[in-house]
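*Asks:* Here it is, the structure in full.
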Amino acid sequence: MKSSRFDIEKTHLQDIQRIEKLILLVMVAFVWCYKIGINRHQINPIKIKK
């Protein structure tokens with residue numbers, strides 16, 4: 001069975017600073033997307049069907 005998940009061990013990153021930068025970049029991207037989602041929801045909320 002194929003796996004489509006991200007596996008940090010398969011990246012062959014050895015330098016701890018590069019791993020930290022990668023994790024920091026992922027965290028910043030997640031927070032940015034979360035904030036954009038909250039902002040868009042305030043402007044145009046998702047309509048809940050009954």
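*Asks:* Restricting to segment 40-50, what's the tally of residues that are assigned to a helix (DSSP H, G or I) and loosely packed, with under 10 Cβ neighbours inside 10 Å?
*Replies:* 2
*Asks:* Yes or no: segment 5-14 includes at least one residue that is under 15 Å from the mean Cα position of the chain (by Cα), of a type in the set (Lys, Arg) and at pLDDT below 85.
*Replies:* Scanning segment 5-14 turns up at least one residue that is under 15 Å from the mean Cα position of the chain (by Cα), of a type in the set (Lys, Arg) and at pLDDT below 85.
*Asks:* Let me ask something additional. Check segment 18-30 and report whether any residue there is in a helix (DSSP H, G or I), loosely packed, with under 10 Cβ neighbours inside 10 Å and free of Cβ contacts under 8 Å to residues at least 40 places away in the same chain.
*Replies:* Checked segment 18-30: no residue is in a helix (DSSP H, G or I), loosely packed, with under 10 Cβ neighbours inside 10 Å and free of Cβ contacts under 8 Å to residues at least 40 places away in the same chain.
*Asks:* For segment 1-17, how many residues meet the condition of being part of a helix (DSSP H, G or I) and of a type in the set (Ser, Thr, Tyr)?
*Replies:* 1
The values are calculated or read from the model by the stated rules, or taken from the named source; none is laboratory data. As the structure is a computational prediction, the values presented were derived from the model and not from experiment. Cβ coordinates were reconstructed from backbone atoms using ideal geometry, including for glycine residues, and neighbour counts include every protein chain displayed.
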